[in-house]
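A short write-up of the structure that comes next.
The values are calculated or read from the model by the stated rules, or taken from the named source; none is laboratory data. The model shown is predicted, which means the values in this text are computed figures rather than measured ones. Note: ideal-geometry Cβ built from the backbone for every residue, glycine included; neighbour counts use all protein chains shown. The protein model used for the area step is the full one, side chains on, heavy atoms only, and it has no ligands, DNA or RNA in it. Shrake-Rupley method; radii C 1.70, N 1.55, O 1.52, S 1.80 Å.
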Amino acid sequence: MGEDKRKLLEQQLWNIADLLRGKMNADEYKNYILGFIFYKYLSEKQELYADELLKEDGLEYIELDENKPEHKELIEAIEEESLENLGFFLKPHELFRYLVMKGEGKLGKDTFILEDLHKTLKAIEDRTFEHESNEDFIGLFEDVDLTSPKLGKSEKDKNDLIVEIFKHLSKIDFEIKEKEDDILGDAYEYLIGQFAAGAGKKGGEFYTPKQVSKLLAQIVTTGKEKVRSVFDPTCGSGSLLIRVGKFAEVGHYYGQELNRTTYNLARMNMILHGIHYTKFSIRQGDSLEDDKFPDLEAEAIVANPPFSAKWKGKDNPLLKADERFTPYGDLAPKDKADYAFITHMLYHLAEDGIMAVVLPHGVLFRGGAEGKIRRAIIEKFNYLDAVIGLPPNLFYGTSIPACVLVFKKCRENDDILFIDASKEYEKGKNQNYLLDEHIEKIVNTYRKRKEIEKFSHLATLEEIKENDFNLNIPRYVDTFEEEEPIDIQAVAEEIKQLEEKEKEVNEKILSFCEELNIKPPFEVVR
């Protein structure tokens with residue numbers, strides 16, 4: 001039943017986007033749709049929480065009137081409790097349900113809610129000032145631009161569109177009372193995925209496909225039911241972090257994201273998945289140049305950093321002396337930050353931690369500074385645990401195949417497991433997919449460090465050295481398929497039979513042509 005509800009909710013939410021399609025591109029309307037869903041979620045959480053507090057008084061929160069002294073006292077008490085326990089607060093007249101009723105004319109002739117909504121979204125942020133949840137709520141709705149002419153030419157047009165969207169949203173049951181099933185969280189992530197698919201290359205910047213995130217999450221939780229902390233330095237919408245929480249109990253989530261809009265989306269996504277504001281820290285900034293968590297040692301690290309991004313590297317004297325990068329003999333090239341991200345994450349990996357990172361295949365074999373860093377990671381530090389080759393066309397905006405590198409600090413051996421999973425996929429219309437059976441095969445092979453013919457190989461350090469620390473997967477996993485031997489005698493016999501058959505057919509055609517007194521379609525050899 002949970003799966004049916006989830007699919008229905010996904011479809012209902014996706015249909016609301018139809019109201020904005022044509023008015024603006026997907027990258028813009030996603031901010032409105034996801035922002036409004038989040039606002040409705042906060043409203044319903046607030047109303048449920050307040051109604052529970054008011055149960056003994058026989059009152060409903062939405063009916064409280066701030067102008068009545070006895071109600072005002074109750075609202076103030078609820079505000080204090082809400083900020084402490086929920087991390088946010090909405091007054092009765094700021095609730096989603098209240099604005100829907102006003103927009104539909106059920107509270108009087110005034111149906112203009114645009115200004116009310118603007119004030120409400122700002123108030124949600126402002127009330128967290130000097131409160132512990134401030135970092136998680138400040139600027140959260142800044143991408144929901146209610147003044148944009150794309151919503152309508154006049155204020156009335158804009159208001160009518162918002163009212164229409166809210167009416168559709170009000171008919172959808174978010175079922176947030178169902179604590180055991182994260183239906184809304186999953187549906188929200190489905191929407192993010194749909195927007196990512198529509199955004200092409202841009203989509204890859206804020207969302208990692210669900211099945212890839214499942215693979216990484218299972219790898220980093222190997223042998224663990226609980227992890228103290230999980231970290232993603234390029235967290236996008238937060239999907240990788242959230243996925244880890246599906247496979248182990250997480251003490252605290254840490255994420256950093258460069259793009260401001262995506263950073264806001266990540267915070268919304270965490271809250272909407274029911275992760276309490278005290279259990280996550282998402283910060284905005286460039287992870288390589290402005291590390292927001294300098295003292296963090298995470299037990300699990302997952303990431304899908306931008307492939308071969310540019311960074312300042314040696315042009316920045318501070319980075320040249322930064323202990324995140326200096327132990328490996330060189331800095332990553334300015335036009336390829338892949339190894340800068342890897343060593344940044346290794347710096348933050350706890351001694352008992354596991355780290356899994358999606359990267360382009362170039363990190364396996366490129367020379368120069370990258371070759372030096374790769375060699376130091378393997379030979380000097382013994383951090384690399386596994387190399388997993390993924391199928392092509394799994395990611396939004398790029399068809400090139402990627403790999404997953406797995407790192408551990410306290411390794412009991414110096415061998416490296418190579419897995420060639422490039423053929424483990426289901427072909428889709430626009431992109432390929434990993435099925436659960438493919439993920440299970442990869443994860444089981446990794447956990448048991450199994451050698452499977454044409455799929456995996458456990459390479460010794462000597463083998464790696466013989467290959468000059470080139471980690472190109474075909475050097476270690478032989479996937480060559482021998483062609484079946486050809487029986488020349490049988491082929492010759494078959495050709496002879498075909499020639500005889502052809503001769504018979506030609507004779508029949510010739511007799512027909514003579515009967516009809518027409519020229520045959522081939523030259524007659526007597």
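What do you reckon, is ASP65 free of Cβ contacts under 8 Å to residues at least 60 places away in the same chain, of a type outside the set (A, V, I, L, M, F, W, C) and in a loop (DSSP other than H, G, I, E, B)? Yes. Is it fair to say LYS40 is over 22 Å from the mean Cα position of the chain (by Cα) and open to solvent by less than 50 Å² (accessible area, probe 1.4 Å)? Criteria met by LYS40. Taking the range 152-170 as the range and being closer than 25 Å to GLU44 by Cα and more than 28 Å from the chain's Cα centre (by Cα) as the test, the residues that pass are LYS158, ASN159, ASP160, LEU161, ILE162, VAL163, GLU164, LYS167.
Restricting the range 1-16 to residues that are touching a residue at least 12 places away in the same chain (Cβ under 8 Å) and open to solvent by 10 Å² or more (accessible area, probe 1.4 Å) leaves a set whose member that is nearest to GLN194 (Cα to Cα) is TRP14. Given the criteria closer than 22 Å to ALA217 by Cα, open to solvent by less than 60 Å² (accessible area, probe 1.4 Å) and touching a residue at least 40 places away in the same chain (Cβ under 8 Å), does ILE378 qualify? So ILE378 fails the test. Residues that are part of a loop (DSSP other than H, G, I, E, B) and of a type outside the set (Asp, Glu) within the range 469-508 comprise PHE469, ASN470, LEU471, ASN472, TYR476, VAL477, THR479, PHE480, PRO485, ILE486, listed in sequence order. Screening the candidates GLU84, GLU76, GLU66, GLU60 for the property of being exposed (fewer than 15 other Cβ atoms within 10 Å of the Cβ) and more than 27 Å from GLY139 (Cα to Cα) yields one hit, GLU60. Residues that are surrounded by fewer than 16 Cβ atoms within 10 Å (Cβ to Cβ) and touching a Gly at 6+ places or on another chain (Cβ under 6 Å) do occur in the range 165-181.
The number of residues in the range 285-295 being in contact with a Phe, Trp or Tyr (Cβ under 8 Å, 6 or more places away or on another chain) and either crowded, with 19+ Cβ neighbours inside 10 Å or β-branched (Val, Ile, Thr) (or both) comes to 2. Out of all the residues in the range 146-196, which are in a helix (DSSP H, G or I), closer than 29 Å to THR208 by Cα and among the acidic types (Asp, Glu)? ASP186, GLU189 - these are the residues of the range 146-196 that are in a helix (DSSP H, G or I), closer than 29 Å to THR208 by Cα and among the acidic types (Asp, Glu). The residues on offer are LEU146, LEU161, and the sole one that is farther than 23 Å from GLU63 by Cβ, without any contact (Cβ under 8 Å) to a residue 40 or more places away in the chain and of a type in the set (A, V, I, L, M, F, W, C) is LEU146. Counting the residues of the range 401-438 that are open to solvent by 40 Å² or more (accessible area, probe 1.4 Å), in contact with a Pro (Cβ under 8 Å, 6 or more places away or on another chain) and touching a residue at least 60 places away in the same chain (Cβ under 8 Å) gives 1. Pairs are defined by a Cβ separation below 8 Å, a sequence spacing of at least 6 or placement on different chains, a first member in the range 17-34 that is over 21 Å from GLU142 (Cβ atoms) and part of a helix (DSSP H, G or I), and a second member that is at pLDDT 80 or above and open to solvent by 50 Å² or more (accessible area, probe 1.4 Å); the pairs so defined are LEU19/GLU164; LEU19/HIS168. Within the range 240-261, the set of residues being surrounded by fewer than 20 Cβ atoms within 10 Å (Cβ to Cβ) and part of a helix (DSSP H, G or I) comprises ARG260, THR261. Applying the selection to the range 203-239, what residues are small (Gly, Ala, Ser), farther than 14 Å from GLU299 by Cα and open to solvent by less than 20 Å² (accessible area, probe 1.4 Å)? Of everything in the range 203-239, those that are small (Gly, Ala, Ser), farther than 14 Å from GLU299 by Cα and open to solvent by less than 20 Å² (accessible area, probe 1.4 Å) turn out to be GLY203, SER213, GLY236, SER237, GLY238, SER239. Consider ALA459 carefully, then state whether it is of a type in the set (Gly, Ala, Ser), surrounded by 12 or more Cβ atoms within 10 Å (Cβ to Cβ), free of Cβ contacts under 8 Å to residues at least 60 places away in the same chain and out of contact with any Gly (no Cβ under 9 Å at 6 or more places or on another chain). Here the answer is yes, as ALA459 does meet what is asked. If only residues of the range 98-133 that are of a type in the set (A, V, I, L, M) and assigned to a helix (DSSP H, G or I) are counted, the one that is nearest to GLY87 (Cα to Cα) is ILE124. On the stretch given as the range 125-151, residues that are aliphatic (A, V, I, L, M) and within 27 Å of the chain's Cα centre (by Cα) total 3. In this structure, does ILE301 turn out to be closer than 20 Å to LEU364 by Cβ, modelled with pLDDT of 95 or more and in contact with a His (Cβ under 7 Å, 6 or more places away or on another chain)? The answer is yes for ILE301.
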